[in-house]
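The values are calculated or read from the model by the stated rules, or taken from the named source; none is laboratory data. Just so you know, these numbers come straight off a predicted model, no measurement behind them. Every residue, glycine as well, gets a Cβ built from its backbone with ideal geometry; the counts of neighbours run over all protein chains shown.
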Amino acid sequence: MNKKLLIIFLGATLFTLSGCQQSSSKTPDSSKNSKMTVEEAKIIAEKTCIKGGESLADIYYNENSKTWWFDANLNSTKEGCNPACVVSEETKTAEINWRCTGLVNP
């Protein structure tokens, strides 16, 4: 009986883990509607948003705004914020969006 439970547990674990992957290793499915490749967007993001020792992480393409969003690991941060480098396919420019949350006390 213990052997059967172990096999079921291992099978369930392998099934669960097989669906896990990092989004940065794969181009978002929604990007097929983009006029810009992820590689082009990343070059613009790196030139505009990234300085020594900083990096880009997960990638998201927003079909509504026609923008590429790269999570940005920056040396300087703002409290309560999670920065992203946002690349516009229309203007081929990038800017940091700080994505700040929470109420700021006066």
Output the strands (runs of 3 or more DSSP E) that fall wholly within the range 24-106 and possess 2 or more residues being within 15 Å of the chain's Cα centre (by Cα) and loosely packed, with under 14 Cβ neighbours inside 10 Å, or say none. 55-62
So if I check each of ILE50, ILE44, which one is in contact with a strand residue (DSSP E or B) (Cβ under 6 Å, 6 or more places away or on another chain), at pLDDT 55 or above, of a type in the set (A, V, I, L, M, F, W, C) and under 20 Å from VAL87 (Cβ atoms)? ILE44
Which residue pairs have Cβ atoms closer than 7 Å, lie 6 or more positions apart in sequence or on different chains, and pair a first residue in the range 35-58 that is at negative phi with a second residue that is of a type in the set (S, T, N, Q) and assigned to a strand (DSSP E or B)? GLU54/ASN73; SER55/ASN73; ALA57/ASN73
